[in-house]
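Below: one structure, written as structure tokens.
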Amino acid sequence: MLAKIYSAAVYGIDAYEVEIEVNAGRGDPKIIIVGLPDTAVKESQDRVTTAIQNSGYYWPRGRTTINLAPADIKKEGPSFDLPIALGMVIAAEEFEDPMLEQYSFLGELALSGAVRSVRGVLPAAIEARRRGKKALFVPEANAREAAMVEGIDIYGVQNLRQTFGFIRGETQLQPTRGDLSEFFASHQSFEVDFADVKGQGHVKRAIEVAVAGGHNLLMIGPPGSGKSMLSKRMATIIPPMSLEEAIESTKIHSIAGMLNGDRAFVATRPFRSPHHTISDVGLLGGSATPTPGEVSLAHHGVLFLDELPEFKRSTLEVMRQPLEDGKVTISRAAGSLTFPSEFMLVAAMNPCPCGYFGDLKRECRCSPVQVQRYRQRISGPLLDRIDLHIEVPAVEYRDISSTRTEENSAAIRERIIAARERQQVRFTSDAKTNCNARMQPRHMKQYCSLGDDSQELIRIAMTELHLSARAYDRILKVSRTIADLASAEQITPEHVSEAIQYRTFDRTLWV
């Protein structure tokens, strides 16, 4: 008998349908899996046959051929265990049900027949809904993740016997439901707040401008000045994610295997902070089978790089493409995949190896050569792609001991949300542009027009600071964001002046 079961596999951040055919024929007892299976799929025959036996079922004892279609794409991972086992049991019992064509199955099997969690369930659920399937059966641990997709019933199953019993009408299962609005609301509380930060008013202003326009930010200051503390509080002022952004981010985290029962959906913007010993592959993504790296895991969120010069220069240089294009393309022998990577880069560094260069109260122990080498670890092209550079001085005692109430994150967030709403209205006709940092040249001509006074300010800055053409574009974009925060339609010289001061480190620190 020939049994046909449907499943799904992930390619990039999307899924495609896999049709699993199990043919029970005559001949020597042997199981053959075809359709470009990898080692994990080939090994599934041992897991599947043992799980079937321990579940109290039988499988065809003759020559069993299992085909995974389409046959021209390599199938990877253990997620085909459950559908293969169902196909073998159905073929052995000669069970027929037209509803099987309306179902899709995913899951790894333990030897006992229990169903274990797998990666990429959310993309599979989206693909199953697109294919018009009525139900998707997934491991119970993945049910909440898949249930965030509306328009399809999601059944979390515990073992093979329960799954087959439901198909035969012997077992009752209730579909898992997901309430997105409730889920988003329950994940909007934070343990930290900008009200905890004493002083540093100009740094908070720079962070507000950066978040309001989605601009990249570099903070430079001595140890203990609060760079990391400020960065970790940025998540409290970033506007909430839209449903489309949340689904796209969740797909990436699902593929990377970073979701579980407690964290089944990415409801808040990611904040990724990799250690400076990270490799090129870890940051960009890759390995033999291309998987997302930190730049993709930070999609629609923040990528924080502390101690920026301590990262390998080659590792930092691989960020040029994602910073410019909002995506990263990884080419390997297994194929070429493109992952989205629209993130906000936030970096922190000391001004020198000891951290006290230019400090008026503590003496710097570094030689001029050491300072120069330290600074040159960050290339000019990478620095050009960072929109705002801000100095973070040591906090004075009067600020630390002050009893003054600092502005909280909620107040800052309101201004940022209002500025982002103006940008969304401005870019309504362009789905690829959602903030000022992503403006294209055609947008800048239309929305960043300057008066004579503003043009003269930028001309002087370009001449005196020897800024690049890319730095000129960054100044215009930041000026537009500052104007949006002030609810101004036109960019004024005051807006331009503030934007220029965020570029002065181009020359004062790197020459």
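Scan region 6-19 for residues that are surrounded by 19 or more Cβ atoms within 10 Å (Cβ to Cβ), assigned to a strand (DSSP E or B) and either of a type outside the set (Val, Ile, Thr) or at pLDDT 95 or above (or both) and jot them down. Break it down stepwise before answering.
Within region 6-19, the subset surrounded by 19 or more Cβ atoms within 10 Å (Cβ to Cβ) is 6-10, 12-13, 15, 18.
Remaining after also requiring assigned to a strand (DSSP E or B): 6-10, 15, 18.
Within region 6-19, Tyr6, Ser7, Ala8, Ala9, Ala15, Val18 meet the criteria.
Each residue in region 458-483 was checked for being surrounded by fewer than 19 Cβ atoms within 10 Å (Cβ to Cβ), touching a residue at least 12 places away in the same chain (Cβ under 8 Å) and over 35 Å from the mean Cα position of the chain (by Cα), and 2 pass.
Residue by residue through region 172-189, note down the ones that are assigned to a loop (DSSP other than H, G, I, E, B), modelled with pLDDT under 90 and open to solvent by less than 60 Å² (accessible area, probe 1.4 Å).
Scanning region 172-189 gives Gly178, Gln188.
Of all positions in region 343-364, none carries a residue that is open to solvent by 60 Å² or more (accessible area, probe 1.4 Å) and β-branched (Val, Ile, Thr). Report yes if some residue within region 401-415 is touching a Leu at 6+ places or on another chain (Cβ under 8 Å), open to solvent by less than 20 Å² (accessible area, probe 1.4 Å) and not in a loop (DSSP other than H, G, I, E, B); otherwise report no. No, that holds for no residue.
Do we find a residue being touching a Gly at 6+ places or on another chain (Cβ under 6 Å), open to solvent by less than 80 Å² (accessible area, probe 1.4 Å), assigned to a loop (DSSP other than H, G, I, E, B) and more than 21 Å from Ser379 (Cα to Cα) anywhere in region 431-440?
The initial filter retains those residues of region 431-440 that are touching a Gly at 6+ places or on another chain (Cβ under 6 Å), namely 435-437.
Right, trim to open to solvent by less than 80 Å² (accessible area, probe 1.4 Å) and you get 435-437.
Restricting the remaining residues to those that are assigned to a loop (DSSP other than H, G, I, E, B) gives 435.
Add one more test, that the residue is more than 21 Å from Ser379 (Cα to Cα), and what stays is 435.
Yes.
When residues in region 147-168 are screened for being surrounded by fewer than 20 Cβ atoms within 10 Å (Cβ to Cβ) and at pLDDT below 90, 1 of them pass.
The set of residues in region 197-241 that are assigned to a helix (DSSP H, G or I), of a type in the set (Gly, Ala, Ser) and out of contact with any Gly (no Cβ under 9 Å at 6 or more places or on another chain) comprises Gly201, Ala206, Ala210, Ala212, Gly213, Ser228, Ser231.
When region 192-228 is filtered for residues that are surrounded by fewer than 17 Cβ atoms within 10 Å (Cβ to Cβ) and aliphatic (A, V, I, L, M), the ones remaining, listed by number, are Val192, Ala195. Listed by position, the strands (runs of 3 or more DSSP E) enclosed by region 242-345 include none that has at least 3 residues that are at positive phi.
Of a type in the set (Val, Ile, Thr) and not in a helix (DSSP H, G or I) - does that describe any residue in region 445-458? The answer is no, given that none of the residues of region 445-458 is of a type in the set (Val, Ile, Thr) and not in a helix (DSSP H, G or I).
Contact map, region 366-389: residues that are within 21 Å of Arg320 (Cα to Cα) paired with residues that are open to solvent by 20 Å² or more (accessible area, probe 1.4 Å) and among the polar types (S, T, N, Q), Cβ distance under 8 Å, separation 6+ or inter-chain. Pairs shown: Gly380/Ser468; Asp384/Ser468; His389/Thr504. Only residues that are within 14 Å of Ala146 (Cα to Cα), over 14 Å from the mean Cα position of the chain (by Cα) and open to solvent by less than 40 Å² (accessible area, probe 1.4 Å) were counted in region 229-275, giving 2.
The values are calculated or read from the model by the stated rules, or taken from the named source; none is laboratory data. Worth saying up front: this structure is predicted, and the values here are computed from it rather than measured. With ideal geometry, Cβ positions are generated from the backbone for all residues, glycine too; neighbour counts draw on all protein chains shown. Side chains are part of the model used for accessible areas, which takes the heavy atoms of the whole protein and leaves out ligands, DNA and RNA. Shrake-Rupley method; radii C 1.70, N 1.55, O 1.52, S 1.80 Å.
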